[in-house]
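Visitor: Structure provided below as structure tokens; questions to follow.
A short reminder: the numbers here are calculations on the coordinates, not readings from a lab. Note that the structure is a prediction, hence the values are computed from the model and not measured. Note: ideal-geometry Cβ built from the backbone for every residue, glycine included; neighbour counts use all protein chains shown.
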Amino acid sequence: MEKSVKSLMPKQNYVICIDNEIIEYDYLILASGASPDWARIKGIEGKSASIYDISSALKTRKRLEQIKEGEPIGIGVAQENPNQGIAYEFLFELDTYFNERRIKCPMTFFTYEKELFDGNGKESTEKLEVLMAEKQIPYYCNVSIEQVDDGKVYLNNGERLPYSFLLVLPPYKGKECTRSSKDFKHENGILPVHETLQSVQWENIYIVGDANNIKGRKTGRAAELQGVLAAENIVKQIHHEPLQSFQHDTLYLMELGKEGGMFIKQGTLKWTTSGMIPHMMKRAFEKYYLLKFS
């Protein structure tokens, strides 16, 4: 039976559910996820479109269907957002959407990353730079958002970007049950962990997915891999065996609109390729996960 968690009590080894039921545990895997933290950026809440839930995504689609020729578009990644790939996919899919309908709208992209898709290899950055040039999309890297008003995004480099439609990936915050816990040290609800995915404070608590502060891509696949590792490490801990460290997800598939997709493989073997094959791989992954969790 699914129940919402109201409070975490790590000292007592139990959680309190929203209906006040107490569930005791010996070991806990915390996969509470994270939420968009719109309040962290002045003025952005209600100004930026969102695709983080079905209702918001449907509203975004409806707004896009109303866009007229010449309306300025702003797409960006705000400081401290850990999943930048979403913005790039949205940008290139939107470019394709406009081209198919022969709508010309000036689009501008901005990100706090030092370079496009920073940390994912030189080849992927260069591929995105070429695409931006071909599509004549100006972009700004290494910038943060100071504030947003009804018609402009104010960047810390002095730029004032006009927009009619705006989609920004905001910072993340942890769930209320972690932010309100007096027994967890956290940064805006995001909990620090060791490479074993154990809480730095409580060795019998493992934190996976968006709820932890581990560096690397915050994807569904990464969260699934972390969940498996956490379960395996609990078994090892019970048997007093050495724990495994999380091996960061080295695979990423990104949609690029009419150009297909991009496949990025990091690690010992570094590989970046683009075209229709990565696009088909991405679709296959999506169908796999939809079937798996349906």
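Visitor: Which ³J(HN,Hα) values in Hz, rounded to whole numbers, follow from the phi angles of the stretch 3-8 under the Karplus curve 6.51 cos²θ - 1.76 cosθ + 1.60, where θ = phi - 60° and Gly and Pro get x?
Guide: 9, 6, 9, 9, 9, 10
Visitor: Quick check on the chain: of the DSSP beta bridges with both residues there, what percent are antiparallel, nearest 5%?
Guide: Numbers: 29 of 47 bridges.
Bridges in the chain are about 60 percent antiparallel.
Visitor: Step through the residues of the stretch 178-194 one at a time and calculate ³J(HN,Hα) from phi using the Karplus curve (6.51 cos²θ - 1.76 cosθ + 1.60, θ = phi - 60°), rounding each to whole Hz and writing x for Gly and Pro.
Guide: Those phi angles translate into 8, 5, 8, 6, 7, 9, 10, 7, 7, 10, 6, x, 8, 9, x, 9, 7 Hz.
Visitor: Another question about this same structure. Starting from 0.36 nm per residue, how many nanometres of slack lie between Val130 and Lys185 once their C-alpha separation is accounted for?
Guide: Values: separation 55, 0.36 × 55 = 19.80 nm, distance 4.28 nm.
Between Val130 and Lys185, full extension yields an extra 15.5 nm.
Visitor: Please identify the trypsin sites (Lys or Arg not before Pro) of the stretch 1-99 that satisfy two criteria: DSSP loop assignment and at most 14 other Cβ atoms within 10 Å. Which are they?
Guide: Details: sites: Lys3, Lys6, Lys11, Arg40, Lys42, Lys47, Lys59, Arg61, Lys62, Arg63, Lys68; in loops: Lys3, Lys11, Lys47, Lys68.
Here the sparse-neighbourhood loop sites are Lys3, Lys11, Lys68.
Visitor: Let me ask another. Are there GluC sites (Glu not before Pro) in the stretch 58-114 that DSSP marks as loop and that have at most 13 other Cβ atoms within 10 Å, and which are they?
Guide: Glu69
Visitor: How large is the dipole of the chain about the Cα centre if only Lys and Arg carry +1 and Asp and Glu carry -1, each at its Cβ, rounded to the nearest 20 debye? Intermediate values should be presented prior to the final figure.
Guide: Working: 37 positive and 40 negative charges, 102 e Å.
It comes to approximately 480 debye.
Visitor: Check which residues have an amide H placed less than 5 Å from Asn213's amide H, if you skip close sequence neighbours.
Guide: The answer is Leu191, Val193.
Visitor: Please compare each pair in Lys62/Lys175; Lys122/Lys215; Lys135/Lys215; Lys68/Lys152 to a cut-off of 23 Å on the Cα-Cα distance and tell me which ones are over it. Please report the intermediate quantities before stating the final value.
Guide: On the way: Lys62/Lys175 29 Å; Lys122/Lys215 19 Å; Lys135/Lys215 31 Å; Lys68/Lys152 18 Å.
Flagged as over cut-off: Lys62/Lys175; Lys135/Lys215.
Visitor: Further question: No solvent, one uniform scatterer per C-alpha: report log10 I(q)/I(0) for the stretch 95-234 via the Debye equation at q = 0.10, 0.12, 0.21 1/Å, two decimals.
Guide: Here log10 of I(q) over I(0) equals -0.52, -0.71, -1.23.
Visitor: Kirkwood Rh, the stretch 198-255, all Cα pairs: how many Å? The partial results should precede the final answer.
Guide: Working: mean 1/r = 0.0818 Å⁻¹.
One over the average 1/r among Cα pairs gives 12.2 Å for the stretch 198-255.
Visitor: Please state, to two decimals, what the Cα-based radius of gyration of the chain comes to when divided by 2.2 N^0.38 Å (N = residues). Write down the numbers at each step before the final one.
Guide: Values: Rg = 20.7 Å, N = 294, 2.2 N^0.38 = 19.1 Å.
Normalised Rg, Cα atoms only: 1.09.
Visitor: For Lys104, give me every one of the aspartates and glutamates with a C-alpha distance below 20 angstrom, ignoring sequence neighbours fewer than eight places off in its own chain.
Guide: Partners found: Glu65, Glu69, Glu71, Glu89, Glu93, Asp95, Glu134, Glu259.
Visitor: Under a 5 Å amide H to amide H cut-off, with H placed in plane at 1.01 Å, what residues pair with Ser144 once short-range neighbours are removed?
Guide: Hits under the 5 Å cutoff: Asn156, Asn157.
Visitor: Averaging sequence separations of C-alpha pairs under 8 Å and six or more residues apart, then dividing by the length of the stretch 1-42, give the relative contact order as a whole percent.
Guide: 24 percent
Visitor: Moving on. Any aspartates and glutamates with Cα under 13 Å of the Lys42 Cα? List them, leaving off those in the same chain fewer than 8 positions away.
Guide: Output for Lys42: Glu146, Asp149, Asp150.
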